[in-house]
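Below: the structure, in structure tokens.
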Amino acid sequence: MRGIVASLPFALLTVVCWGSYGPVLHHGKTGMDNNSWAQLLCVGISYFVVAVIVPIYVLKSKGEQGEWSAGGVKWGLAAGALGAFGALGIITALTNGGSPTYVMPIVFGCAPVVNTFVSMYMAKLFKEVTPSFYLGIILVALGACGVFAFKPTAATKTTTQLQAEITTVRYDEEQTSATDLAPGSAAEKEATETETAVGELSEATPSAVGSEEKKTNIMLIVGGICLTVLSWGAYGSVLHKSQAMMKGSRLRPLLCVGISYFVLAVIIPILIMSSSGFPEQTTTSGWTFSLLAGVCGSVGALGIILSFTFGGKPVFVMPLVFGGAPIINTMISVMEMEAVSDVSPYFFASLTIVIVGAIVTLVSAPKPGKKKTSSEEDKPLWDQTREENAANIEAVNSENEPAEEVETVITADEPTADEPTADEPAEDEAAEDEETGEEEATNPDDHSEES
């Protein structure tokens with residue numbers, strides 16, 4: 001119970017950060033000229049600060065338990081690569097017309113299924129699958145289809161509505177020119193200019209709407225979602241293996257993740273944009289929100305690691321994260337669209353099915369056979385470390401005790417030369433009998449007086 005309470009704040013931190021990741025990233029795409037590589041560059045910069053600079057500073061100044069290992073570094077770099085590919089998939093889906101309202105719930109619903117299959121493959125547990133696990137997969141699949149089918153859309157003005165607004169503007173202009181005290185020729189000229197502008201705007205409106213519709217690429221949206229689901233689904237298992245091979249270290253695996261992000265999300269985008277061209281029009285808000293999205297992703301990953309460190313179990317932490325993050329994401333996205341009343345109830349029902357399916361999949365996933373462990377192994381990692389340090393100090397103190405005390409303890413239990421041992425009781429009794437007989441022989445008068 002204490003482990004759950006200690007890990008809960010870090011799990012909730014991950015829920016908020018990962019739930020805000022999609023909307024924040026989507027909010028910054030316009031300011032980055034809808035350039036996927038530019039947004040990925042911002043995410044990589046944020047990861048470099050949070051997952052490289054900060055761990056290096058802490059490791060050098062304070063140190064940490066655990067140790068480096070070649071296998072742990074390899075698995076940590078692989079986890080970072082998976083995280084970077086997942087970020088690229090999300091950015092690709094959002095910059096090609098996808099909305100975080102339905103993209104993120106599908107990702108958060110399907111990623112746990114992939115994570116469970118990867119864990120089962122690594123632990124060889126396919127023979128222990130239960131029917132409830134398959135039920136969770138079916139619920140996730142049905143819910144994901146429903147979320148995509150009944151996804152809410154932002155309120156867009158049709159051509160008729162725009163023409164009606166243009167007519168209203170023209171009528172207002174005519175009324176203003178009619179009441180103006182200027183000469184009639186000036187008023188007629190102004191009315192003519194207004195009609196010309198209205199005509200140009202009405203002619204450009206259909207083409208603008210059509211070009212906006214062409215920007216939505218369903219194939220790239222689906223491809224980006226699939227890439228993220230596969231990458232982020234395997235991310236947790238790979239990162240956990242890296243942490244285990246580094247003897248429970250928290251910052252070393254995170255540092256490996258940050259290095260992979262720096263290579264894949266900073267160096268490679270710069271090389272690509274140096275040949276294809278950097279975005280022509282960027283804004284401060286675009287850079288800010290894109291960098292903030294990277295901070296949300298990296299802090300959320302750190303929250304997962306801290307939750308496990310302070311006694312949290314995957315059976316509790318991961319359902320909470322993958323169940324709570326879609327709710328935060330949907331709340332932010334729908335509030336930004338200002339279309340809460342226009343959202344179909346089937347969308348909320350599908351979202352609920354996705355969350356329930358993800359939780360069922362995680363809870364009913366086959367677990368490795370439990371070994372008979374002592375109560376110490378169930379304690380949080382920081383408790384185990386403190387007890388190990390105390391035991392080491394006690395062992396060092398015992399080694400430094402004076403040798404004289406040890407010899408005294410040993411010799412105190414050994415019998416002296418004057419004391420009989422357990423092997424000589426019969427000889428002592430025979431000697432005593434002989435002495436008694438001699439005394440009786442030398443003093444016969446004593447016996448006669450007594451008689």
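The values are calculated or read from the model by the stated rules, or taken from the named source; none is laboratory data. In this text, all values refer to a predicted model and were calculated from it rather than measured experimentally. Neighbour counts are summed over all protein chains in view; Cβ atoms, including those assigned to glycine, are modelled from backbone coordinates with ideal geometry.
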Legend entry - Selected residue (only one of Ser298, Ser274, Ser285 is in a helix (DSSP H, G or I), of a type outside the set (A, V, I, L, M, F, W, C) and farther than 17 Å from Ser20 by Cα): Ser274
Inset, instruction - Go through the residues of the stretch 28-42 one by one and say whether even a single one is assigned by TED's automatic domain parsing to the domain that holds Ser274 and within 18 Å of the chain's Cα centre (by Cα). - result: no
Legend entry - For Val118: the one exception among (1) aliphatic (A, V, I, L, M); (2) at pLDDT 80 or above; (3) not assigned by TED's automatic domain parsing to the domain that holds Val354: (3)
Inset, instruction - Answer yes or no as to whether Met246 is surrounded by 20 or more Cβ atoms within 10 Å (Cβ to Cβ) and touching a helix residue (DSSP H, G or I) at 6+ places or on another chain (Cβ under 8 Å). - result: yes
Inset, instruction - Considering every residue within the stretch 291-299, establish whether at least one is free of Cβ contacts under 8 Å to residues at least 12 places away in the same chain and not acidic (Asp, Glu). - result: no
Inset, instruction - Give Ala6, Ala70 a once-over and let me know the one that is surrounded by fewer than 23 Cβ atoms within 10 Å (Cβ to Cβ), without any contact (Cβ under 8 Å) to a residue 60 or more places away in the chain and at negative phi. - result: Ala70
Inset, instruction - Kindly check whether there is at least one residue in the stretch 86-95 that is of a type outside the set (Gly, Ala, Ser) and either outside the structural domain of Leu227 (by TED's automatic domain parsing) or more than 21 Å from Cys296 (Cα to Cα) (or both). - result: no
Inset, instruction - Evaluate the stretch 210-225: report whether one residue or more is at pLDDT 90 or above and under 30 Å from Glu67 (Cα atoms). - result: no
Inset, instruction - Only one of these is surrounded by 15 or more Cβ atoms within 10 Å (Cβ to Cβ), closer than 16 Å to Pro269 by Cα and out of contact with any Asp or Glu (no Cβ under 8 Å at 6 or more places or on another chain): Trp75, Trp37. Name it. - result: Trp37
